[in-house]
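Read the structure below first, then the notes.
The values are calculated or read from the model by the stated rules, or taken from the named source; none is laboratory data. Since we're looking at a predicted model, the values are computed, not measured. Cβ atoms come from the backbone with ideal geometry, glycine included; neighbour counts cover every protein chain shown.
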Amino acid sequence: MRVRVIGIGQPMAGDDGVGLAVVRHLRKLALPERVELMETADPSGLPPLLEDADLVVLVDAVAGAGRPGRVLHLTPAGLQADGPCGSSTHGLGVGWAIELARTLSPDRIPWRIDLVGISIERPRCLSEGLSAAVAAAVPRAAEEVACILEEAACPSALINAG
């Protein structure tokens with residue numbers, strides 16, 4: 001099983017860089033060899049990164065989803081609704097990028113793409129580094145990614161939970 005965890009974000013936009021911070025935190029952990037950790041600055045870079053994987057877990061900042069630092073787990077159905085911008089802090093939303101990838105390479109995009117989102121306030125100016133609340137969420141978000149990977153290793157658990 002080929003698994004990719006892709007962090008999305010702009011480190012010079014403050015809390016928007018949290019997706020990258022989570023992937024960098026995951027690099028310090030003992031993950032199975034089959035897990036590839038990748039980064040992209042914004043969702044426009046996603047389509048080729050989604051190809052030829054069996055499972056993709058995206059990690060990104062989500063604006064307006066509650067108090068900063070809240071960790072969310074969205075499934076494919078939740079991602080499709082975000083439209084061109086939605087709650088993304090980027091001009092192109094994650095859901096739109098997934099739909100574009102499925103249109104361009106329908107047989108090469110995995111059916112399961114999850115998003116671990118970390119709630120932030122919409123960036124208003126350039127600043128480097130994460131706020132205290134969002135930085136505190138990095139280990140929790142990494143743990144959520146690990147739970148998704150563990151669940152995916154036992155597909156029968158998904159069938160029985162359905």
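Things worth noting here:
- Leading residue by the ranking (farthest from Glu121 (Cα to Cα)) among those in the range 19-42 that are in contact (Cβ under 8 Å) with a residue 40 or more places away in the chain and within 10 Å of the chain's Cα centre (by Cα): Val22
- Matching residues in the range 45-78 - criterion: being closer than 16 Å to Ala21 by Cβ and touching an Asp or Glu at 6+ places or on another chain (Cβ under 8 Å): Val57, Leu58, Ala61, Pro68, Val71
- On the stretch given as the range 1-17, residues that are more than 14 Å from Gly45 (Cβ to Cβ), in contact with a Gly (Cβ under 6 Å, 6 or more places away or on another chain) and not in a loop (DSSP other than H, G, I, E, B) total 2.
- Within the range 18-46, the set of residues being part of a helix (DSSP H, G or I), at pLDDT 95 or above and not aliphatic (A, V, I, L, M) comprises Gly19, Arg24, His25, Arg27.
- Enumeration of residues in the range 125-162 that are hydroxyl-bearing (Ser, Thr, Tyr) and at pLDDT 80 or above: Ser131
- Hey, Arg4 modelled with pLDDT of 95 or more, more than 13 Å from the chain's Cα centre (by Cα) and surrounded by 14 or more Cβ atoms within 10 Å (Cβ to Cβ) or not: no
- Selection of first residues in the range 91-111 that are without any contact (Cβ under 8 Å) to a residue 40 or more places away in the chain and of second residues that are assigned to a helix (DSSP H, G or I) and of a type outside the set (A, V, I, L, M), restricted to Cβ pairs under 6 Å at least 6 apart or on distinct chains, gives the following pairs, ordered by first then second residue: Gly95/Gln80.
- Subset of the range 35-65 that is farther than 18 Å from Asp15 by Cα and out of contact with any strand residue (DSSP E or B) (no Cβ under 7 Å at 6 or more places or on another chain) - its residue that is surrounded by the most Cβ atoms within 10 Å (Cβ to Cβ): Pro47
- Residue within the range 101-114 that is modelled with pLDDT under 90 and of a type in the set (S, T, N, Q) present: no
- Yes/no for Ala53 being in a loop (DSSP other than H, G, I, E, B) and aliphatic (A, V, I, L, M): yes
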